[in-house]
Structure formats: structure tokens, C-alpha cells
1. Give me the net charge for the shell around Leu48: Cβ to Cβ below 13 angstrom, other residues only, Lys and Arg +1, Asp and Glu -1.
2. Quick one: if you stick a label point 7 Å off each Cα along the C-beta vector at Ile211 and Leu25, how many nm between them?
3. At a Förster distance of 22 Å, what's the computed FRET efficiency of Leu222 paired with Glu38, Cβ-Cβ distance as r, to 0.05?
4. For an R0 of 41 angstrom, estimate the FRET efficiency from the Cβ-Cβ distance between Phe184 and Arg119 and round to the nearest 0.05.
5. Would you grab the residues whose amide H sits under 5 Å from the one on Phe244? Only those 5+ places off in sequence or on another chain, please, with H modelled 1.01 Å from N.
6. If I model a spin label as a point 7 Å beyond the Cα along the Cα-Cβ vector, how far apart are those points for Phe173 and Phe191 in nm?
7. What pairs from Lys45/Lys130; Lys34/Lys130; Lys109/Lys203; Lys130/Lys171 go past 25 Å between their alpha carbons?
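Throughout, read-outs are computed from the coordinates displayed, never taken from laboratory work. Note that the structure is predicted; figures quoted are calculated from it, not measured. As a convention, Cβ positions derive from the backbone with ideal geometry for all residues, glycine included, and neighbour counts pool all protein chains shown.
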Amino acid sequence: MIAKPPEGCSVTDVSGWIVQIILGLICLGVLICKRYQEKPRRLWKIWLLDTSKQIVSALAAHMLNVVLAVVLTSIQDSHKHTADACAWYFVTIIFDTTLGTFICYLMLKYLNQFFIAKRIDHLASGNYFKVHENTLPQQSSLGKPNRKVEIDYGIWFAQLLIWIMIVILSKIFLYLIQYYLSGFFINITLFLFQGLRNLPFVKLLLVMILIPTIMNALQFWLQDNFLKKKTDDHEDIMVKQLFFEDTGAIELSKVSYVPDLSLIHI
């Protein structure tokens, strides 16, 4: 095992995992607040499908972050000074929530455009539905709709795998940057945390709660915007009803009032 400096803080012990759970709950609360600000507002089941992408990918990213922090700590053996795993975790968080978010956005954007161009729109992020056409004329004559729209959890799972792969590819790219510029980042972290070398709990509080809470909350908010289904005024009302609340009221508000002239007596 890799020995850690006694004055450093650990990202793999019990306290590290506890603060990560607290951080996750805070970010989840941010997404709940965001849902209540939406117009139109997603149904809870749709919100859960969208949010689950971020939860699963965040768990995968966190595991990679922990491994990356420990690996990068071992690289600094040839340097005169050392930065601990907690400082490396800080660098990783900053990279993830800024450059990493931008890379994920670009990859998802171009993938969505590719899926739409190839007419496999169901793989575009947020489109978790399938349409069943009713080909039985006797059912249509009985007043049953010609089509049925429902959630397709298989499509959601495929989109989840696509998003996880995007996050992993982004992490690999960021890791290469940190690996080849490790000496530069060691000097930066030593400068930033030199006053906290004998205060590991304060460093843990700062690096794994305060800064990640602000940065991850912003990241979750932004990623939710491009992971969820985009609203389209020309989309089928049945699809809208599957995804959003008060769809009927929204559609009625768009209808212009036309008076019934037959009620006017001369």
C-alpha cells in the first residue's frame, strides 16, 4: 500500500465516505429545488430517470477520483515536497466540475446530433418513450386511441450506459492532463494548502465538503439541463403528457379564443 503523509487527509477512510454521502444528498436536494422551478415541470418518474443518470455516473466518477488521487500521490515521490491525496482530490474536483462538464456537454451534444441524423432519436438524451401503433380497426371504432405512448426503460438504460461512457472518457482525458502536468499541480496544491498542513480535518472540510458542494451543485444543475428531454411546442401532446405536469392546461393556454357567432341574435 502507498504510505500517506501523517499530516495529510485521507479520501478513503470512514470520514471521507461520510462527507461524500452528505455531499451527494446536498446535490440531490439542489436537483429537487431545480425541478420545482421548471416550466413545464417534469413528472417525478421522469425526473428520477434523469437524475439517476447523474447519480450513477457520479458514483463511477467518485471511485475514479479516489483512485486517481491515490495514484497521483505516488507520482510525487521524485519531488522535494509532497502534496497529499486530499489536495489531489481538490485538483480533480475542480477539473471535473469545469473542464470535465464542458467536455461531457460537447460529447453528448454531438452524439445527440448524430442519433437524430441517423434517425435513432430514441438514443438522444431524455427520450425515454416508445410509441405503439394500434393497427386493429375495431379498437379504433370503439373509441380507443390509434397510438399508445409509454416509457421505455430499455432506452433509459442504453442512455445511461452512453452517459457513463462519456463521463469515463472525460475522466481519462483529465487524468492524462494531471499526469503529464503533475509537477505543476503539486506546486499549486502545496501553495494553496501550506497553511493547513497541521489541520487535516479543516482541510478535509474545505476540500471534500465546502468546495465540492458549491462546484458539484453547479455541475449537477448544468448537466441536468442537457440530460433531460427538451420541450418542443410541436411535439405530440401524448408525449408531453408522459413527461410533464399540467400539459393539458399548457396546451389550452395556447389556443386562441374564438367566439361562437351562432349565439348572437339580431
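1. +3
2. In this crude spin-label approximation the distance works out to 2.4 nm.
3. Given R0 = 22 Å and the Cβ-Cβ separation, E is 0.90.
4. Details: r = 46 Å, r/R0 = 1.13.
Rounded to the nearest 0.05, the efficiency is 0.35.
5. Residues meeting the amide H criterion: Leu43.
6. About 2.6 nm, to one decimal.
7. Those over the limit are Lys34/Lys130; Lys109/Lys203; Lys130/Lys171.
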